[in-house]
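Working notes for the structure below.
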Amino acid sequence: LWRCTSCEFIFAADDDVERLTELYAELDDPAYEEGEESRALQMQQLVKHILAIHPAAGSLLDVGAAAGLLVNEAAALGLDAVGIEPSRSLASFARERGSAVHQGVLPHPALEGKQFDIVSVIDVIEHVSDPLALLREASAYLAPGGVLAVVTPDVGSVAARLLGQRWWHFRLAHVCYFNKRSAAEVFERAGLRVRSERRAGWF
């Protein structure tokens, strides 16, 4: 891992990082269902928090939708919800259960010409080699006045500072890490203005 001396952004620099999209397309996670109940509660809470910021929202795009849990929770709350997921197996699993999840990455032909009141990027940007490009691509799907919701680990958190290299978010699948300073920098570069900030809840 490397740290930028200017904005403190931490990132991996390796040939394998450039193959991430290809690797995630082949991802098969048979243990995913084991933690599904607690993740569904988290997604329900997240959607409610987002709707508190944008109560007039009627549509949602979930980027990195996995098995469609957030899409399901958004639909249950009355939103017209759709997801995009690189893993073929997870996207297929989501569709088998009735979730509108397309396999692939942004930009996606199934979303051409569409705009959404909410675009969610939950626990995704730490998995990509170019998070700025992802934020710009996701923002391009926002309707006027729309909200982009981002969740990512905070490498500047108290837990991260206390645990050091034992911090639970230091894992092979995570190739970049933000603190408040570097997150503010990447949001500004993506043309975004922060409207609300809070810690994500876990169950």
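At Leu41 and Glu96, where each label point lies 7 Å from the Cα along Cα→Cβ, what is the point-to-point distance in nanometres?
2.6 nm
Hand me the chymotrypsin sites (Phe, Trp or Tyr not before Pro) from segment 120-193 located in a DSSP loop with no more than 12 other Cβ atoms within 10 Å, in residue order please.
Those satisfying the criteria are Trp168.
Taking all protein chains as present, what is the carbon and sulfur share of the accessible area of segment 99-165, in % to the nearest whole number, probe 1.4 Å?
C and S atoms contribute 55 percent here.
I want to verify a result. In a Gaussian network model of the chain, Cα cutoff 10 Å, which of these has the top mean-square fluctuation: Asp117, Asp130, Asp14?
Top of the fluctuation ranking is Asp14.
Leaving out ligands and nucleic acids, and using a 1.4 Å probe, what accessible area per residue does the chain come to in Å²?
Spelled out: the 1.4 Å probe surface of the chain, per residue, equals 55 Å².
For segment 1-105, which trypsin sites (Lys or Arg not before Pro) are both in a DSSP coil and crowded by at most 16 other Cβ atoms within 10 Å?
For trypsin sites (Lys or Arg not before Pro) across segment 1-105 that sit outside H, G, I, E and B with at most 16 neighbouring Cβ atoms in 10 Å, the list reads Arg97.
Compare the Cα positions of Leu79, Leu134, Ala56 along the charge dipole of segment 1-137 (+1 at Cβ of Lys, Arg; -1 at Cβ of Asp, Glu; about the Cα centre) and return the one farthest towards the positive end.
My answer, from the dipole projection, is Ala56.
Taking the Cα centre of segment 58-203 as the origin, how large is its charge dipole in debye, to the nearest 20, when only Lys and Arg (+1) and Asp and Glu (-1) carry charge on their Cβ atoms?
I would put it at about 440 debye.
Once the convex hull of the alpha carbons of the chain is built, what does its volume come to per residue, in cubic angstrom?
Residue-normalised Cα hull volume stands at 124 Å³.
Quote to one decimal, in nm, the extra length available between Cys4 and Leu163 on full extension: 0.36 nm per residue of separation minus the C-alpha distance between them.
55.1 nm
Check each of the GluC sites (Glu not before Pro) in segment 103-163 and keep only those in coil by DSSP with at most 10 other C-beta atoms within 10 angstrom; list them in order.
Glu112
The values are calculated or read from the model by the stated rules, or taken from the named source; none is laboratory data. None of these values were measured; they are calculated from a predicted model. Every residue, glycine as well, gets a Cβ built from its backbone with ideal geometry; the counts of neighbours run over all protein chains shown. The area values use the complete protein model at the heavy-atom level, side chains included, leaving out ligands, DNA and RNA. Shrake-Rupley method; radii C 1.70, N 1.55, O 1.52, S 1.80 Å.
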